[in-house]
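Okay, so here's the structure we're looking at.
What follows draws every value from the coordinates through simple rules; no lab data is involved. On a predicted model such as this, the values are computed, not experimentally measured, just so you know. Glycine gets a Cβ as well: all are built from the backbone with ideal geometry, and neighbour counts include every protein chain shown.
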Amino acid sequence: MSAFNDLGLNARLIRNIEKQGYEEPTAIQASAIPLVLSGDDVMASAQTGTGKTAAFTLPILQLLNNSRRPGPKDVHCLVITPTRELAAQVADSIRTYSGGLKLNSQMVCGGVNIRPQIRNLSRGTDILVATPGRLIDLLGQNALRLDHVKLWVLDEADRMLDMGFIPAVRQIQSALPKLRQTLMFSATFSRPIEALAGEFLHQPKRVSVTPANTAVSRISQKIYPVDKHRKGEMLRHLLRHETSGQVLVFARTKYGSDKLARQLGKAGVKSDSIHGDKKQSARTRALQQFKSGQLQVLVATDIAARGIDIQQLPMVVNFELPHVPEDYVHRIGRTGRAGEEGVAVSLVSAEEVAQLQKIERLIKQSLPRHEIEGFEPEHRLPTKDVASPGKRRPRNKTKSKTHAKPASRTQSRQGKPDHKKGPKAKAATQRPRGAQ
Ligand code: AMP
C-alpha cells in the first residue's frame, strides 16, 4: 500500500500513480493534495521538479470525477500556464493521471490552427489547459464559456508576471464565476506574487517547498571559470570528457542559442535550439527529438525551456548565467528531477561575477569552482563568502580531473591563448528581460 493512500485519493488514481512508479508523495504533494481535496484555495511555492503538476492534477481529477459532465462549450477546470511547452507538459500529465476516468481534457495554445480548438471546445471540457493569449482569442470568438469553472489553476504565476501576462490573466478572471476554487503555483513568494494572490485567491492556505528539500539538494552544482571567448571550446571539451549523456544547455539569447547549436553541429554533436522566435512546429520537433534521444544537446533560452520535463536528464549546462537569479534555480531543476541525481554546470566568465554572487546569495551556498587545465581564465572569479557579504574567504580552487587538449597553436606558456585581449573584468551590461 503506497503512502498516497493516506492523502484521500481514490483507488483508480492510486493505481495510475503506481503505474508511474511513484513510491511516495513528494513534499508538495503531501501538503497540497489534502488541501485541494477539502476545497481550499491554495497558494503554493514550488519549483518545477518538485512534482507540483501532480500536486494539483491528482486532487482536481478526483474532485471533477465526482461531479456532472460539462455542458456544450463549458469548462469545469481551467489551468493557465505561461508557455506552450509547459501547457503541453501539464496536458500530458493530466492524460497520464486520468487513465480510466471519464474526464476529457484539452490544451489550447497559440502558434497552431485555432479551428480544431474551437471544434473540440464546443463539446464541453472537463479540464482545459491554456496559455493566456490563445484563451482570450477563443473567448473573443465565443468558442467557450468560463462561467461554470469550478477550479482555476495559475501555474508558474511568477513567470506570468515576468512575461507581462497579468493584464490577460485579469481579463480571464473577469469571465470566471466568483464562487470557485483557485490554486496558484509560483517558484517564489515575492511581493508582487503576494499581491496577485490577494487579488485572485480567497483566504488561501499556504504551502511552501523550499529548494533545500526539493530536487535542488540532489543536484551537484559546479562552476567552471572560463574566459568568455573560450566558452564554446570548453563546452565541447565537457561533452567529450565529462558526459556521454544528454545535456540541456541554457543560453541567454535566441541568437546565441541558434549560434551555439550550429557550432556544436559543426563539431559533430547532434544538437538543436529552442526559443520563442521559432515556430511552434520547430520547437515541438526539437523537443521530441531531444526526448527520443536523437539529439545529444538541446540549447534553450529560459522561457522556451519552461515545461521541458525529461526524465533522468543527467546534466544541465549554463552557457551563460541568467540575469534573474531565480532562473538559475529553475534551470538546474531540469536535472535531478524527482528522485534522480543530476549535475548542473555553469561556465562563468569574469563579466558574470555580479550574477554569480546574486545566485549564491539566493541559494545561500558558495558554489565550488573547478578550473579545468588548459582553460584557466585570464580574469579569475572571486570566491564569495555568501554568509557575510563583503568578507573575503581564501580562494577555494579545486582542479578538475579532466584535462583540455591545447586550445590552439597560439597558446602561451600558461596554456592561455595569446590571441585577442581577455575579457575586461567588469559587469556585463544587462539585457532587458523579455528579450527571449
Ligand atoms: P513537476 O515538478 O510537476 O514538473 O514534476 C517533475 C517530475 O517528477 C515529473 O517527471 C513527474 O513525473 C515526477 N514525479 C511527480 N511526482 C512524483 C513522485 N511522487 N515520485 C516520483 N516522481 C514524481
With 0.36 nm assigned to each residue of separation and the Cα-Cα distance removed, D277 to R206 gains 21.9 nm
If we sort 29-39, 372-382, 247-257 on the protection proxy, mean other Cβ atoms within 10 Å, highest first, what's the order? 247-257, 29-39, 372-382
The stretch 3-208: C-alpha gyration tensor shape, a/c 1.5 cut-off, then a/b vs b/c: oblate
Would you please report the Å³ per residue occupied by the convex hull of the alpha carbon atoms in the stretch 219-363? 101 Å³
Förster radius 22 Å - calculated FRET efficiency between E373 and K270 (Cβ-Cβ, nearest 0.05): 0.20
With each pseudo-label sitting 7 Å past Cα toward Cβ, what's the H241-Q289 distance in nm, one decimal? 2.9 nm
Loop-only check: which trypsin sites (Lys or Arg not before Pro) in the stretch 39-103 are DSSP coil with at most 11 other Cβ within 10 angstrom? R68, K102
Based on Cβ point charges of +1 for Lys and Arg and -1 for Asp and Glu, what charge dipole magnitude is obtained for the stretch 3-208 about its Cα centre, in debye rounded to the nearest 20? 820 debye
Find which of Y224, Y255, S244 sits farthest along the positive direction of the dipole of the stretch 219-363, computed with +1 on the beta-carbon of Lys and Arg, -1 on that of Asp and Glu, about the Cα centre. Y255
